[in-house]
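So the structure is just underneath, and the comments pick up after that.
The values are calculated or read from the model by the stated rules, or taken from the named source; none is laboratory data. The model shown is predicted, which means the values in this text are computed figures rather than measured ones. Here Cβ is always computed from backbone atoms with ideal geometry, including for glycine, and neighbour counts include all displayed protein chains. Keep in mind that these areas ignore ligands, DNA and RNA; they rest on the heavy atoms of the full protein, side chains included. Shrake-Rupley method; radii C 1.70, N 1.55, O 1.52, S 1.80 Å.
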Amino acid sequence: MNHKFFPHTNEEVRQMLERIGFNDLEMLYSEIPEEIRFTGEYDIPNAMSELEIRSFFDKLGKKNNMLTCFAGGGVYDHYTPSAVPNLVSRSEFLTSYTPYQAEISQGTLHYIFEFQSMMAELTGMDIANASMYEGTTATAEAMMVAFDNSKKADTILYSAALNENIIAVLKTYAFFHGVKLKAIETTEGTTSLDELKKQMAVGGIAGVIVQQPNRYGIIEDFTGFSDVCHENKAMFIINSVASDLALLKTPGEWGADLAVGDIQSLGLPMSFGGPYAGYMCSTQKLMRKLPGRIVGETRDNRGQRVFVLTLQAREQHIRRQKATSNICSNQSLMALYATIYMSLMGKEGMKEAAQLSYDGAHYLCEKLISTGKAKLVYNKEFFNEFLVEIQDRDAFFDKAIEKGFLPGIKVGKDKLLIAVTEKRTKDEVDSFIELF
């Protein structure tokens, strides 16, 4: 049997060298200067058996400090049904890539189509695309859609209540594309409609970006926002935590032109920061403006239901100078992960998980404030995340780590952003409160 992934034998190496006219490997690397060559001994441990390897990594794993997570800020410790990773780990999913040839990629195209359908329903929008890297770049891509769609306006407004990492990515994209960015100041932790109207009156605004819930976990009221944007021919863009939309008013209901965000909350493990994927949904009239790809359903010449790449505005298929986006990789494995998650949870399951997160956060917040050692920074309705001011914040943070809790995200000098998901039990929440 030919094991194509085994290392080459000495005879195979000799034959390859002979084919290209070299006697040995030294001749092959002769043009590499001596001063940059490594001449020492490689620090490679001795070979181990499978049992020894497992034991070795078990010992390494035990050095990790496994913490009960009360941190959020865009990445949340949600429950994942065990069927999801088992299904996603099938070889045909793990090894598949961009579905250029529809006739041999029906399975991949099918689940991307289902992902798009589910995301469109979850956001209340007409159209959803696929292949966004993650939530921050999806937001920046939406900014570029608004900028490119405007003939004269060159400014994008963003809420100061956006997560800092989203703002940073927006600034990076804006710098290299000539987009002017201006912040809409907040009032008591929420985006100011009056401030939006003032900036709109100046003119030249191509789009407005807000977040739901915002960086402080507050559920914002966007009544009147879309009207102000559309009266001034600007696009209204909402970044949302995907799982929260199971309970919250959707971007479609708020009158958004584009809905964007991350799908990590749809069962994807935190995984030390990735991989994740983003989503982008829009009204039907913007369909041809979306980056990434859109999978559609049709019938073949035998009348069978089949799937095709309906739209794929990518540099590989069009002139580079006309490209609307630099999105050029396939995040569909993560999209499949989220699709299986949503299928297994169902509408009621997703609502229940969101409700448990909401209830748990409000229970924790109430108990923390009752201790007298924590104060809610903004007295506004929040979802599953809230910002508190804590006495001796850093000392408390270190104590929590020592006791096995990741207590949240440090904000400023004395504040802590705390999140609760459906995974946090009442015993865990009560034990966390006892730290005070």
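Quick one: which of Ala206, Ala256 is modelled with pLDDT of 95 or more, within 24 Å of Gly292 (Cβ to Cβ) and in a loop (DSSP other than H, G, I, E, B)?
On the way: Ala206 fails: in a loop (DSSP other than H, G, I, E, B).
Every option except Ala256 fails the conditions.
Of all residues in the range 213-268, those that are open to solvent by 20 Å² or more (accessible area, probe 1.4 Å), among the aliphatic types (A, V, I, L, M) and over 21 Å from Lys423 (Cα atoms) total 1. Scanning the range 58-105 for residues being modelled with pLDDT under 90, of a type in the set (A, V, I, L, M) and open to solvent by less than 50 Å² (accessible area, probe 1.4 Å) gives a total of 1.
Any chance the range 192-209 includes a residue that's within 21 Å of Ile263 (Cβ to Cβ), open to solvent by less than 30 Å² (accessible area, probe 1.4 Å) and assigned by the TED database to the domain that holds Cys281? Yes.
Across the range 359-378, what is the number of residues that are of a type in the set (S, T, N, Q) and in contact (Cβ under 8 Å) with a residue 12 or more places away in the chain?
Going through the range 359-378 one residue at a time, the tally reaches 1.
Number of residues in the range 349-390 that are under 22 Å from Ser431 (Cα atoms) and touching a Cys at 6+ places or on another chain (Cβ under 9 Å) equals 4.
Taking strands (runs of 3 or more DSSP E) that fall entirely within the range 323-436, which contain at least 1 residues that are in contact with a Gly (Cβ under 7 Å, 6 or more places away or on another chain), open to solvent by 30 Å² or more (accessible area, probe 1.4 Å) and not assigned by the TED database to the domain that holds Ala142?
Details: elements: 374-376, 385-390, 409-411, 415-419.
Of the strands (runs of 3 or more DSSP E) lying wholly inside the range 323-436, those with at least 1 residues that are in contact with a Gly (Cβ under 7 Å, 6 or more places away or on another chain), open to solvent by 30 Å² or more (accessible area, probe 1.4 Å) and not assigned by the TED database to the domain that holds Ala142 span 409-411.
On inspection, Ala168 fails the criterion of being touching a Phe, Trp or Tyr at 6+ places or on another chain (Cβ under 9 Å) and among the hydrophobic types (A, V, I, L, M, F, W, C). Give the range 140-158 a look and list any residue that's assigned to a loop (DSSP other than H, G, I, E, B) and open to solvent by 40 Å² or more (accessible area, probe 1.4 Å), or say none. Result: Lys151, Lys152, Asp154.
Looking at the range 159-186, which of the residues that are assigned to a helix (DSSP H, G or I) and touching a residue at least 60 places away in the same chain (Cβ under 8 Å) is nearest to His230 (Cα to Cα)? Selected residue: Ile166.
Of the residues Gly189, Gly224, which single one is touching a strand residue (DSSP E or B) at 6+ places or on another chain (Cβ under 7 Å) and either touching a residue at least 40 places away in the same chain (Cβ under 8 Å) or under 17 Å from Gly255 (Cβ atoms) (or both)? Even if it seems obvious, please write down each step before you answer.
Working: Gly224 fails: touching a strand residue (DSSP E or B) at 6+ places or on another chain (Cβ under 7 Å).
Within the list Gly189, Gly224, the selection yields Gly189.
Only a single criterion out of (1) open to solvent by less than 40 Å² (accessible area, probe 1.4 Å); (2) outside any helix (DSSP H, G or I); (3) touching a strand residue (DSSP E or B) at 6+ places or on another chain (Cβ under 8 Å); (4) hydroxyl-bearing (Ser, Thr, Tyr) is not satisfied by Thr136, namely (2). With respect to Glu114, is the statement that it is more than 25 Å from Tyr173 (Cα to Cα), free of Cβ contacts under 8 Å to residues at least 40 places away in the same chain and open to solvent by 50 Å² or more (accessible area, probe 1.4 Å) true? Spelling it out, it is not the case that Glu114 is more than 25 Å from Tyr173 (Cα to Cα), free of Cβ contacts under 8 Å to residues at least 40 places away in the same chain and open to solvent by 50 Å² or more (accessible area, probe 1.4 Å).
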